[in-house]
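This report refers to the structure that appears directly beneath it.
The values are calculated or read from the model by the stated rules, or taken from the named source; none is laboratory data. Since we're looking at a predicted model, the values are computed, not measured. Because the Cβ atoms are built from the backbone with ideal geometry, glycine has one as well, and the counts that use them run over all protein chains shown.
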Amino acid sequence: MYKKVFIDQCGYLPGAEKKLTIRCEQPMKFEVLRSDGAGVYGGVADVRIDNKAAGEIDYVGDFSAVTAPGLYYVRTEDNCESEVFAVGEDVYDDVFRKAMDFFYLQRCGMDLPKEACGLFAHPACHTGIGRTLDGSDTRDVTGGWHDAGDYGRYVGPGAMAVAQLLYAYSRNEKWAAAYACPDKHAESVFPAYLEECKYELDWMMKMQRADGALYHKASCAHFCSFIMPEDEKEDMIISPVSVTATGDFAAVCAMAVPFYEKYDPAYAAKLAECSKRAYAAMKSMELPGGFVNPPEITTGEYGDPQDLDERYWAAAELYKTFGDEEYRADFEALAAESLYHGYGWVEMGSYGNLAYLSTDRPVDEALKSRIKASMISLADKILALYEADGYGTALGSKVYPWGSNLDVANNGLHLYDAWKLTGDEKYLRAAGAQIHYLLGRNPMGISYVSDCGTDSIKHPHHRPSGFLGKAMPGMVSGGPCSWLADAVAKGLLSKDVPPAKCFCDMTGSYSTNEVTIYWNSAFLQLLASITE
Ligand code: G3I
Ligand code: 9MR
Ligand code: ZN
């Protein structure tokens, strides 16, 4: 269906900035109507954007004046209508819950009961013993979350997802406290939310070698076809250790300690011990070039030759939690060479920055100021791109990479950080706009989160969803990818399609429409941040 008016389909908080995009060549009047048809606000979309990313002219309008809770839609003067959307304090409550439930549904190695998982229930999967390729180690590596549309389990992305979920947990206490495990009979000494994160932490612990280093991943040799997880029965291969996996694990375990301490000191002590052992191993590891798939294995590589930012994150996080001078010195030495930024799995410096800025322990005040200035300057660059874009993203106009929706969420996180550092609301507004983009105010006019919004993705590259013929709810799609990196994208799109429209809501398009735990976690961290 041709669309012309673009809004956040899940809606807006009453006090939030509310912008819409109209695909048109001239200023356009519009009206906001209640779902019963009563007009409540009239405006003009009069900010013209020559939108190269989407290959079109856009006019942007503002209806922030609509603050009363309710259901609305927009009608343009030439009679085009938007999707229906809500205004209210609770508009994202369901989105948050669904996006969080996804992690439970991605659990590997246990029965997912029918009462809790409905259509997506399945018996325990990947229960076989894991083996390293050279046969040097054989061990139980069951548990954790399936990474994505495939069934691999990768330490780096898992650590990133847990870190982001913990940030989300601390930024929106209402949601964190209200979160219940989909399995009503599940028992735990921890809040359900922390229990979910523990499921991944426990698995990562099984991936730690005796010397403290972390195996990079556990997966079969190749991606399987679109079958249910319990039907993937090939050998479970444990890939070699990597610096990135080891550093990420050290960092996230240290970060997790204070969350678990008050519920179970013994578990917190275990996290601390694992963290320190991984850190020591990381320091003695030199694996230049990063992890590369051994020739026998073709599952997700998550290669990242630059490991200084993972070391930076680990040092900062261990210093914050444990206070040893060694960790501080390591962080400050790395920071003297270069500051790092990024909330991705490749670039992770921002986690380090947040840890260093938020510790109560002694720090180098001059370095702290440098980090803050550098974070604000990054946010200013993002803000300039945001202002130039018709839909409020800050991806620029040339390339939308694989997982562009992660970059969207991460830009939002950098903007949020700048708001926290400066108190300037312009950053918070722009951060909110990243959520609105993901939930429908984008050139595809689609909500990139399954089952959230009136027109959301239906055919994600996700094996259980593909097999069962229904999209699992609450999954964040990778979004447009202008590399045309899979056969469906190559066949359906051409080099002339503008980057922001290089998206196919089709099961086969893994470079545009796969889902991952760390795209969900990035989305959740941002959603919790802008609503805190
Ligand atoms: O780091 C280089 C950068 O230096 C260069 O400028 C840029 C331009 O091509 O490429 C960068 O590397 C890219 C890398 O992502 C980091 O952004 C690779 O080319 C690109 O192929 C790679 O894509 C990754 C993709 O796997 C293929 O390996 C995605 O980020 C990553 O999210 C995705 O992850 C997959 C897992 O392998 C398997 N599970 C599903 C998951 C999601 O699709
Ligand atoms: O399903 C796989 C997906 O999870 C990965 O992100 C993607 C890129 O590594 O690869 C997908 O698997 C495809 C494989 O690479 C090529 N043959 C088709 C597979 C999809 O069914
Ligand atoms: Zn599994």
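The criterion of at least 1 residues that are within 16 Å of ligand 3 (Cβ to nearest atom), in contact (Cβ under 8 Å) with a residue 40 or more places away in the chain and buried (at least 24 other Cβ atoms within 10 Å of the Cβ) is met by the following helices (runs of 4 or more DSSP H) wholly inside region 472-532: 517-530.
Against the conditions (1) in a helix (DSSP H, G or I); (2) within 16 Å of ligand 2 (Cβ to nearest atom), Met282 satisfies every one except (2).
Residues are listed down the side, and each one gets a yes or a no for (1) surrounded by 20 or more Cβ atoms within 10 Å (Cβ to Cβ); (2) within 16 Å of ligand 2 (Cβ to nearest atom):
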position: Val91; (1), (2): yes, no
position: Lys98; (1), (2): no, no
position: Leu105; (1), (2): yes, no
position: Cys125; (1), (2): yes, yes
position: Gly128; (1), (2): no, no
position: Gly135; (1), (2): no, no
position: Thr142; (1), (2): yes, no
position: Asp147; (1), (2): yes, yes
position: Val155; (1), (2): yes, no
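For (1) within 26 Å of Ser397 (Cβ to Cβ); (2) not hydroxyl-bearing (Ser, Thr, Tyr), each residue gets a yes or a no:
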| site | (1), (2) |
| --- | --- |
| Ile457 | yes, yes |
| Ser465 | no, no |
| Met472 | no, yes |
| Cys481 | yes, yes |
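Only a single item in (1) assigned to a helix (DSSP H, G or I); (2) within 16 Å of ligand 2 (Cβ to nearest atom); (3) among the aliphatic types (A, V, I, L, M) is not met by Ile227, and it is number (1). Where helices (runs of 4 or more DSSP H) fall entirely within region 340-452, those with at least 2 residues that are of a type in the set (A, V, I, L, M, F, W, C) and over 18 Å from the mean Cα position of the chain (by Cα) are at 349-358, 365-388, 404-422. Go through region 99-138 and give me each residue that's in a loop (DSSP other than H, G, I, E, B), out of contact with any Leu (no Cβ under 6 Å at 6 or more places or on another chain) and hydrophobic (A, V, I, L, M, F, W, C). Result: Cys108, Met110, Ala124, Cys125, Ile129, Leu133.
For region 414-440, the set of residues classified as within 16 Å of Trp519 (Cα to Cα) and surrounded by fewer than 24 Cβ atoms within 10 Å (Cβ to Cβ) is empty.
If you check Lys381, Lys372, Lys368 for being without any contact (Cβ under 8 Å) to a residue 24 or more places away in the chain and either within 26 Å of Tyr302 (Cα to Cα) or touching a helix residue (DSSP H, G or I) at 6+ places or on another chain (Cβ under 7 Å) (or both), only one passes: Lys368. Quick one: would you say Tyr154 is among the aromatic types (Phe, Trp, Tyr), assigned by TED's automatic domain parsing to the domain that holds Thr298 and more than 16 Å from ligand 3 (Cβ to nearest atom)? So Tyr154 does not fit the description; no. For the condition away from ligand 1 (no atom under 15 Å from the Cβ), more than 16 Å from Pro240 (Cα to Cα), among the aliphatic types (A, V, I, L, M) and in contact (Cβ under 8 Å) with a residue 12 or more places away in the chain, what is the one hit in Ala315, Ala329? Ala315 is the lone residue from the list that is away from ligand 1 (no atom under 15 Å from the Cβ), more than 16 Å from Pro240 (Cα to Cα), among the aliphatic types (A, V, I, L, M) and in contact (Cβ under 8 Å) with a residue 12 or more places away in the chain.
Being within 16 Å of ligand 3 (Cβ to nearest atom), out of contact with any strand residue (DSSP E or B) (no Cβ under 7 Å at 6 or more places or on another chain) and at pLDDT 95 or above is true for just one of Asp231, Asp211, Asp264, Asp183. Which residue is that? One residue alone meets the criteria, Asp231. No other residue among Ser494, Ser447 is at pLDDT below 95, more than 25 Å from Pro229 (Cβ to Cβ) and in the same structural domain as Cys24 (by TED's automatic domain parsing) apart from Ser494. Tell me, please, whether a residue that is touching a Lys or Arg at 6+ places or on another chain (Cβ under 6 Å), away from ligand 1 (no atom under 16 Å from the Cβ) and either basic (Lys, Arg) or not in a strand (DSSP E or B) (or both) can be found in region 141-156. Yes, some residue in region 141-156 is touching a Lys or Arg at 6+ places or on another chain (Cβ under 6 Å), away from ligand 1 (no atom under 16 Å from the Cβ) and either basic (Lys, Arg) or not in a strand (DSSP E or B) (or both).
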